[in-house]
Amino acid sequence: MARFAIKSLWARKVRALTTTLAVVIGVAFVAGTYILTDTTFAAFDEIFEDSLAKTDVVITAKEEVRQETGETPSFKATVLPKVRQVDGVRVAVGQIFTVGAFFDAKNEQIGTKFAPKFITSNIPESLETQTYVEGRKPRDAKEAALDQGAAEEAGLGVGDTLKLASVERVAAYRIVGLTKLGEASWGGASIAGLILPEAQRITDKRGEFDQVLIAASGGVSEETLKRRVQQKVADPSLLIETAEENAKRNSDQIHEDLGFLRIALLVFAFVALFVGAFLIFNTFSITVAQRIKEFGMLRTLGAGRGQILGSVVVEALAIGILGALLGLAGGYAIAVGLNALFVAVGIDLPTTALVTKTRTIVIALLIGIGITLISSFIPALRATRVPPIAALLALELPQSRRRGVVLAVLAVLLGLVGLGMVAVGLFGGADGGSAAGLIGGGAVAVLLGVSLFSPRLVRPLASLTGRPLERLRRLTGRLARENTQRNPARTAVTAAALMIGLAVVAFVTVFAAGIKGSIATAVDESFQGELVLQNSDGFSPISPRAASLARKIPGVELVSTMRVAQAELLDGGGTERVSALDRDAGAVIDIDWSEGGSQTLRDLNDDEVIVDKSFASSNGVDVGDEASFLTQIGAKPRLRIVGKYEDKAELLGGAIVTQRLMATAFDQRDDTIDFVKLAPGASAEKIQAALIKSMDREFPVVEVRNQQELKENQEEQINQLLGLIYALLALAVIVSLFGIANTLALSIHERTRELGMLRAIGMSRSQARTMIRYEAVITALIGALLGMVIGVIFAALIAQPLKDEGFTLSYPVLQLVLMLIFAAFAGILAAIPPSIRASRLDVLEALHYE
Amino acid sequence: MSESNGNVVTASEVARRYGEGDAAVDALAGITTGFERGRFTAIMGPSGSGKSTLMHILAGLDKPTAGTVHIEDVEITKLDDAALTKLRRDKLGFIFQFFNLLPVLTAEENLVLPLSIAGRKPDQAWVDQLVRTVGLEDRRTHRPSELSGGQQQRVAVARALISKPAVVFADEPTGNLDSKASADVLRLLRQAVDEFDQTVVMVTHDPDAAAHADRLITLRDGHIVHDAVPGSTADVIELMKQID
């Protein structure tokens, strides 16, 4: 029986191939995700390990609460002499290793937007793991080294000018050497080296280090040395680790930070697989229906039900295995493609030789084979119900009315359960992870429910979408519409595959439009000031001197600063963003007060705090209560709550404290954003130009934006993310197009004689092509319409709980219409191979076809 | 070679060979004949005699390996697909053994299908007359699945006549019908010839069907072995016995 299955598969190789492709794409996406993320993690691990290859013990400052900027605090250099006294220390050196910004001679930023640039200080040969590909180490305060990757990217070489900027300062250096570390690529990240005093000066860390690297004398183990250093130094604010521990901690941190990336990619891979499952189910359903006579014949020859089931399952197994293996191979292409996609949107992660873990292979095989077997099982079961008499009669598969009713009830139940899960996820107060799980699971249930129910919707929807075509091309349009309505279940499943992809696309589009609109509204409503000063990356701190500089520009009435730090609410609260405002902030930002007002802010004391409404309610605190925070330097200020506000623009975070407290307890003395208010009658344009000019000279990282640019900057980031998501969904949409092509090919096969008759009575080739093309367009439009409705409903649902935070949904009608047009074109594309086949049918053969 | 001698369809030296070399089979070995306007011709012959092949070539569905076919003044053996499509719309009507109606269209829609395909407006009076002739006035809006086999074939006959073609080709039109339904269809074909001056060429193995024709051509091994008025059903049966 197995041999029969393989042979019958071989006899229909083209169809088998398209079915296999559906498996291949989904599996390749999953495998590619694992390969890429494993590779990225491996690259990070390599970099961390390589850079500490000659180091045994590392001292860094302990960071109690991680900061958004990723910066770790520095510490006093006085620890170094103590370390050097420890027995067993062969060499110990303090190093600067801090995030900065790089520019070329023309003040153009070097490197990709979202990748870190490190300013570091030289370390002696005995600890150094970077090698000089060209040139030498910097020897004086005017020289710098730059990593080869960044240099190549920026077109810089030895002798060229490199400008380095920290929060406070900027200086120009001559590049004297190009460096390289290990084999891994740094991606978009880059590293510049200076002599120690200059590195400390430019980063404003005179008398401080970011880390101390220690190498042990022969015979002293890392562990022993670590213990001895710990004893000698005895400073609880410092973290003393072996090189191995340090690398592991950094690597764990990266895994935590980038873990979402893997999950997000897997979600998109899952969408593609889900769509693929529909295609497999549909293809097997149709082929089983077409092979009724064959199964009946086998039954008359004495084949048992189990054998029939076996033959279909073996076919599925063969497709699954082939698809999984090809998918695994395709995973490498996907991994490379995904990385290129990320680079295109500015996420340039480190890479190294592609990593294939056994886990990746196992998962790819399990998923590929599993999904094929599961999706083909119901059609296989149906094949077993074919009675032997079918060999002699032109029987249809038994489709009882009861089964239709059962399916409809099941569909409605699934939909309700799905909506229930979504509702619980949204309003049930579950935490982030399980809420996302509930919403995701609910979405899958709703999609399945709608797919099951959709055969009942095919008739009206085909009439709706087919009408314009009928008007355009009377007969061919009419026939196309009727053909899609002939077998509603088949059309429904084919359309459902596209529906899934487009539901996600529509959801994302509507949601993104809502975010963009809400940001624009929030910016309009909250910012009274005309201009803002910000780091060009939008979140890193800028020097407080930038604000002083701005105050000197004529026409500037007021510059109000805001500083930000991450802190933890003690007694079970999560990490929160805490901001500190100038007392006159009320003049530049419009705070939506629930309790208190501008006076509350003006009179705020160092032992008081104003909290966000939702922060207060989720932590069970209110005005009059006291709240304790843990700051990044380990301070635990206990503060009285004196006011409440609603943070609509996602600007202020969970709490507002005084700037003095921000400096002492939170160790944050730099600004995150400066709001500039102009004197009445001053020209915003001229002042912006003047500000840009003065910032360029002293603080090239500072960007001066007006309200419009602020909105555009946010919008641009959202658009980039949107572009990325569309690209990731494209694979799922492609799979569903294969589905349309496959279904059409199969139904043309069934209608061979009918097509022959049509041709014989005068239908031209191009009319035959048009008819098939319109069938595809109608099917695609049914899927698109259903998908868009579901996507929009989901966006509206999920926006509900966000309303309190100022999120308002807007419906991008133009984009949605464009999506429909796109879907129609996608249908035309999918129809190319089957329509060509239909038009090339030999009339005579087709007429005698059985 | 054309209408001057009253022939709508003319075949000269038409040969059809399948395969090559030793395995080659001559289905038609050089047939020359013509079909006059307003005549009902039946083509008979045992299996493998070449009768179907002849009709396929006459109708432009197959190409001869040698010889030419003219329909009216057009040499169809040289036409490309687009020209053949146009020819089918303007000059040819087809009736098949299996009724070949589109299940998604109503009886009347199926009837006017050739005109719809050609993008022409049907002449309602002609449609009504045909519907009356085939006796399906009360079945106009029924779908094929709601019609009996005989009713379906009557729709197919009307469909073949709707464009008033130069010639109607019928391939075993009664092959799948009971005797009552067969009689209805044959009467219709006869009526088309007598009342509408249609030219009909029918391939059949049913002696009763052949007896309805004005002329009977009998083929064996790719040659015409008999060409005369068929006479009665009994005569045809006798003739076929001789040939076999």
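Side notes on the structure shown:
- Hits in segment B:122-162 - residues which are farther than 16 Å from A:Ile761 by Cα, within 13 Å of chain A (Cβ to nearest Cβ) and not in a helix (DSSP H, G or I): B:Arg143
- First in segment A:694-718 and touching a residue at least 40 places away in the same chain (Cβ under 8 Å) and within 14 Å of A:Ile542 (Cα to Cα), second anywhere and among the basic types (Lys, Arg) and not in a strand (DSSP E or B), Cβ under 8 Å, 6 or more apart: A:Glu698/A:Arg545; A:Phe699/A:Arg545
- The number of residues in segment B:112-121 being facing chain A (nearest Cβ under 8 Å) and either assigned to a helix (DSSP H, G or I) or at pLDDT 85 or above (or both) comes to 5.
- Sole residue being closer than 26 Å to B:Gln191 by Cβ and in contact with a Leu (Cβ under 8 Å, 6 or more places away or on another chain), chosen from B:Leu58, B:Leu54, B:Leu92, B:Leu79: B:Leu54
- Of the strands (runs of 3 or more DSSP E) lying entirely inside segment A:624-677, the ones with 1 or more residues being more than 34 Å from the chain's Cα centre (by Cα) are found at A:626-630, A:638-646.
- Yes/no for A:Ile748 being part of a helix (DSSP H, G or I), away from every other protein chain (no Cβ under 14 Å) and in contact with a Pro (Cβ under 8 Å, 6 or more places away or on another chain): yes
- Out of A:Gly219, A:Gly259, A:Gly296, A:Gly323, sole residue that is buried (at least 19 other Cβ atoms within 10 Å of the Cβ) and modelled with pLDDT of 85 or more: A:Gly323
- Residues that are under 17 Å from A:Glu754 (Cβ atoms) and more than 8 Å from chain A (Cβ to nearest Cβ), drawn from segment B:84-111: B:Ile95, B:Gln97, B:Phe99, B:Leu101, B:Thr106, B:Ala107, B:Glu109, B:Asn110, B:Leu111
- Selection within segment B:74-101 - under 19 Å from the mean Cα position of the chain (by Cα) and not in a helix (DSSP H, G or I): B:Val74, B:Glu75, B:Leu92, B:Gly93, B:Phe94, B:Ile95, B:Phe96, B:Gln97, B:Phe98, B:Phe99, B:Asn100, B:Leu101
- Being away from every other protein chain (no Cβ under 13 Å), buried (at least 20 other Cβ atoms within 10 Å of the Cβ) and free of Cβ contacts under 8 Å to residues at least 24 places away in the same chain is a property that B:Ile31 lacks.
Residue-wise test of (1) of a type in the set (A, V, I, L, M, F, W, C); (2) over 21 Å from A:Glu168 (Cα atoms); (3) in the same structural domain as A:Ile110 (by TED's automatic domain parsing); (4) modelled with pLDDT under 85.
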| residue | (1), (2), (3), (4) |
| --- | --- |
| A:Phe675 | yes, no, no, no |
| A:Leu691 | yes, no, no, no |
| A:Ser694 | no, no, no, no |
| A:Val704 | yes, no, no, no |
| A:Ala727 | yes, yes, no, no |
| A:Val735 | yes, yes, no, no |
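Matching residues to (1) over 32 Å from the mean Cα position of the chain (by Cα); (2) within 25 Å of A:Gln688 (Cα to Cα):
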| residue | (1), (2) |
| --- | --- |
| A:Glu557 | yes, yes |
| A:Ser560 | yes, yes |
| A:Leu570 | no, no |
| A:Gly574 | no, no |
| A:Asp582 | yes, yes |
| A:Ala585 | yes, yes |
| A:Ser594 | yes, no |
| A:Arg602 | yes, no |
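- Residue in segment A:250-260 that is within 17 Å of A:Val30 (Cβ to Cβ), part of a helix (DSSP H, G or I) and touching a helix residue (DSSP H, G or I) at 6+ places or on another chain (Cβ under 8 Å) present: no
- Condition check for A:Asp210: at pLDDT below 85 and at negative phi: no
Rundown of residues vs (1) free of Cβ contacts under 8 Å to residues at least 40 places away in the same chain; (2) at positive phi; (3) among the hydroxyl-bearing types (Ser, Thr, Tyr), yes/no style:
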{"site": "A:Leu239", "(1), (2), (3)": "no, no, no"}
{"site": "A:Ala243", "(1), (2), (3)": "no, no, no"}
{"site": "A:Glu256", "(1), (2), (3)": "yes, no, no"}
{"site": "A:Val267", "(1), (2), (3)": "no, no, no"}
{"site": "A:Leu279", "(1), (2), (3)": "no, no, no"}
{"site": "A:Ser285", "(1), (2), (3)": "no, no, yes"}
{"site": "A:Gln290", "(1), (2), (3)": "no, no, no"}
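- Residue among A:Val735, A:Val704 that is in contact with a helix residue (DSSP H, G or I) (Cβ under 9 Å, 6 or more places away or on another chain), within 19 Å of A:Phe527 (Cβ to Cβ), buried (at least 18 other Cβ atoms within 10 Å of the Cβ) and β-branched (Val, Ile, Thr): A:Val704
- Those strands (runs of 3 or more DSSP E) lying entirely in segment A:35-139 with at least 2 residues within 19 Å of A:Glu208 (Cβ to Cβ): A:57-61, A:89-95, A:97-99, A:117-121
- Per-region count, segment B:53-83, residues buried (at least 17 other Cβ atoms within 10 Å of the Cβ), hydrophobic (A, V, I, L, M, F, W, C) and facing another protein chain (nearest Cβ under 9 Å): 2
- Residue within segment A:502-512 that is within 14 Å of chain B (Cβ to nearest Cβ), part of a helix (DSSP H, G or I) and in contact (Cβ under 8 Å) with a residue 24 or more places away in the chain present: no
- Unmet requirement for A:Tyr645, which otherwise passes all of (1) in contact (Cβ under 8 Å) with a residue 12 or more places away in the chain; (2) more than 18 Å from A:Gln528 (Cβ to Cβ); (3) among the hydroxyl-bearing types (Ser, Thr, Tyr): (2)
- Pairing each residue of segment A:521-536 that is closer than 17 Å to A:Ile692 by Cα with any residue that is hydroxyl-bearing (Ser, Thr, Tyr) and not in a loop (DSSP other than H, G, I, E, B), provided the two are 6+ apart or on different chains, yields C-beta distances under 9 Å for A:Gly529/A:Ser560; A:Leu533/A:Thr561.
- Residue among B:Leu130, B:Leu101, B:Leu105 that is more than 28 Å from A:Leu472 (Cα to Cα), among the aliphatic types (A, V, I, L, M) and buried (at least 19 other Cβ atoms within 10 Å of the Cβ): B:Leu130
- The one condition from (1) over 15 Å from A:Arg705 (Cα atoms); (2) buried (at least 20 other Cβ atoms within 10 Å of the Cβ); (3) not aliphatic (A, V, I, L, M) that A:Thr672 does not meet is (1).
- Hits in segment A:455-465 - residues which are more than 37 Å from the chain's Cα centre (by Cα) and among the small types (Gly, Ala, Ser): A:Ser463
- A:Ser766 being at pLDDT 85 or above, assigned by TED's automatic domain parsing to the domain that holds A:Thr484 and surrounded by fewer than 18 Cβ atoms within 10 Å (Cβ to Cβ): yes
- Selected residue (only one of A:Ile553, A:Ile610 is assigned to a loop (DSSP other than H, G, I, E, B) and either within 18 Å of A:Leu652 (Cβ to Cβ) or in the same structural domain as A:Thr631 (by TED's automatic domain parsing) (or both)): A:Ile553
- Restricted to segment B:163-192, and to residues there that are outside any helix (DSSP H, G or I) and more than 14 Å from chain A (Cβ to nearest Cβ), the residue that is farthest from B:Val74 (Cα to Cα) is B:Asp178.
- Residues located in segment B:180-202, provided they are closer than 26 Å to B:Arg16 by Cα and in contact with a His (Cβ under 9 Å, 6 or more places away or on another chain): B:Met202
The values are calculated or read from the model by the stated rules, or taken from the named source; none is laboratory data. Everything numeric in this text was worked out from a predicted model, so none of it was measured. Every residue, glycine as well, gets a Cβ built from its backbone with ideal geometry; the counts of neighbours run over all protein chains shown.
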